Amino acid sequence: MGQGDVEGVLEFRDMVDTAAEYAPQMKAAGADVVVVLSHAGLGDSSYSVPGLPDENPADDIAREVPGIDVMVIGHTHRDVPEQIITNEVTGEPVLLTQAYRWGGTVARVDLDLHKVRGQWDVEDAEGMAIRTRDYPVHPAVVEALTPAHDKTVEYVNQVVATATEELSGADSYWRDTPIVDFIQHVQTETVEAALEGTSYADLPVLSLAAPFSRTAVFPEGEVTIRDIAGLYIYDNTLHAVTMSGAEVKDYLEYGNGMYFHTVPAGDIFDPATDTNLNNRPDYHLDLMSGVDYEVDLSEAVGSKIENLTLADGTPVTDDMQFVVAVNNYRRSGGGSYPHITAAPLVYDEQQEIRQLLIDWASEREVIDPDDFFDPNWTLTVADVPVAQ
């Protein structure tokens, strides 16, 4: 579902303001204990878009909104069974508890309540993590879930194509690889087909894709739905926007400048230590197809992109116009990339990218990198390509 599907239909309000409205209502209605269930977590937001509030304001809610005793939080997927934040209005402690991802833990909260003048008051709150691995599976739950589990396993094990060679995502975060170009090719082909006969048909189509998984691999031979889902691990849908040459360069400068460490001239780039700058996860590094470019790691942030050209060697100028295929997460502001959220939308057919990959492979029955691999970008140090 994209922004256009809910605009004017649903209202998304600031979470702090919303909590400030409803917490007093709960107290007024007679609640002795107010517990806030919030998918928002703690820490920095992956968005930085003007007018878009913080996506992880749990600590702000606890600090600013009076009357809350406990917050059960999520989204950041950390194992934090107990964290105490003092409310600035009342001076009272607020317990925040967060269970670990994928059901690894269950958060338990114990409250010590005392009755004072006919009302229960929270004297103490304690959070703890119950580790699910320490408990045996419940036979009734297993029995209830087995039909759906078996059906899912059967589905993901379906063979959709044959790969002519093994394709791995292990190095995709620092060098151009066929497995990511598979994504780029399908996105580009889909957008080009959709824009045939429109005023955008003559514009070059670029594509953006992130190296989501270092463990992704298409084995030589049979490729299953499980393998493709292991490459594209999110339920993103495909969008396309128009951008200028200047905006494309800014976009690449931002992503590469935020992800790669600066490597002084003469030093050797090490993928193990010179990536993930500022704890930037791999899924926030966008790789681009449709243009050729080099990323000179010895240059300062904002000046790393060099030799940005079209495939035929024509330099990309600021005023050139492109159609850029991109996922809905990035276009909505995820990763805080410049220009992308304000760029004119020219394609949004609610097509899930993972399904597009599955459909492409199923229709052709063969995954051959000769059909889509285009090594169009490379890392350099002082214009010397890094070892591949």
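The values are calculated or read from the model by the stated rules, or taken from the named source; none is laboratory data. All of these numbers come straight from a predicted model, not from anything done at the bench. No Cβ is skipped: glycine too gets one built from the backbone with ideal geometry, and neighbour counts run over all protein chains shown.
Residue-by-condition table, conditions (1) assigned by TED's automatic domain parsing to the domain that holds His239; (2) modelled with pLDDT of 95 or more; (3) closer than 21 Å to Ala193 by Cα; (4) part of a helix (DSSP H, G or I):
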residue: Gln350; (1), (2), (3), (4): yes, no, yes, no
residue: Leu357; (1), (2), (3), (4): yes, yes, yes, yes
residue: Glu363; (1), (2), (3), (4): yes, yes, yes, yes
residue: Pro375; (1), (2), (3), (4): yes, yes, no, no
Task: Matching option when the condition is charged (D, E, K, R), modelled with pLDDT of 95 or more and not assigned by TED's automatic domain parsing to the domain that holds Val248, among Glu154, Glu189, Glu165, Glu196 - done: Glu154
Task: Selection status of Ala170, assigned to a loop (DSSP other than H, G, I, E, B), at pLDDT 95 or above and not acidic (Asp, Glu) - done: yes
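Let's see how each residue does on (1) out of contact with any Asp or Glu (no Cβ under 8 Å at 6 or more places or on another chain); (2) of a type outside the set (Val, Ile, Thr); (3) surrounded by fewer than 15 Cβ atoms within 10 Å (Cβ to Cβ); (4) assigned to a strand (DSSP E or B):
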residue	(1), (2), (3), (4)
Arg214	no, yes, yes, no
Val223	yes, no, no, yes
Gly230	yes, yes, no, no
Ile233	yes, no, yes, no
Met243	yes, yes, no, yes
Val248	yes, no, no, no
Tyr251	no, yes, no, no
Ala265	yes, yes, yes, no
TODO: Return the total of residues in the stretch 323-344 being closer than 29 Å to Ala382 by Cα and either aromatic (Phe, Trp, Tyr) or modelled with pLDDT under 95 (or both).
DONE: 3
- [ ] Out of the residues in the stretch 286-316 that are β-branched (Val, Ile, Thr) and over 27 Å from Ala193 (Cβ atoms), state the one that is surrounded by the fewest Cβ atoms within 10 Å (Cβ to Cβ).
- [x] Val301
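Among what's in the stretch 114-132 and is within 31 Å of the chain's Cα centre (by Cα) and either under 28 Å from Ile225 (Cα atoms) or of a type in the set (Gly, Ala, Ser) (or both), pick the residue that is surrounded by the fewest Cβ atoms within 10 Å (Cβ to Cβ).
Step one: filter the stretch 114-132 for residues within 31 Å of the chain's Cα centre (by Cα), giving 127-132.
The next check asks that each one be either under 28 Å from Ile225 (Cα atoms) or of a type in the set (Gly, Ala, Ser) (or both); those that pass are 127, 129.
Numbers: Gly127: 20, Ala129: 18.
So, considering only residues that are within 31 Å of the chain's Cα centre (by Cα) and either under 28 Å from Ile225 (Cα atoms) or of a type in the set (Gly, Ala, Ser) (or both), the one surrounded by the fewest Cβ atoms within 10 Å (Cβ to Cβ) is Ala129.
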Open item on the list: If I ask for residues that are in a strand (DSSP E or B), among the aliphatic types (A, V, I, L, M) and either free of Cβ contacts under 8 Å to residues at least 40 places away in the same chain or in contact with a Gly (Cβ under 7 Å, 6 or more places away or on another chain) (or both), which ones from the stretch 186-212 would you list?
Closed with: Val205, Leu206
Open item on the list: Go through (1) surrounded by fewer than 19 Cβ atoms within 10 Å (Cβ to Cβ); (2) under 26 Å from Glu166 (Cα atoms); (3) not β-branched (Val, Ile, Thr) for Asp319 and report which single condition fails.
Closed with: (2)
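What residue, of Ala246, Ala240, Ala272, is over 23 Å from the mean Cα position of the chain (by Cα), of a type in the set (A, V, I, L, M) and assigned by TED's automatic domain parsing to the domain that holds Ile353?
Ala246
With respect to Ser298, is the statement that it is closer than 23 Å to Val205 by Cβ, at pLDDT 95 or above and among the small types (Gly, Ala, Ser) true? Show your work before the answer.
On the way: closer than 23 Å to Val205 by Cβ: no; at pLDDT 95 or above: yes; among the small types (Gly, Ala, Ser): yes.
Considered against the rule, which asks whether it is closer than 23 Å to Val205 by Cβ, at pLDDT 95 or above and among the small types (Gly, Ala, Ser), Ser298 comes out as no.
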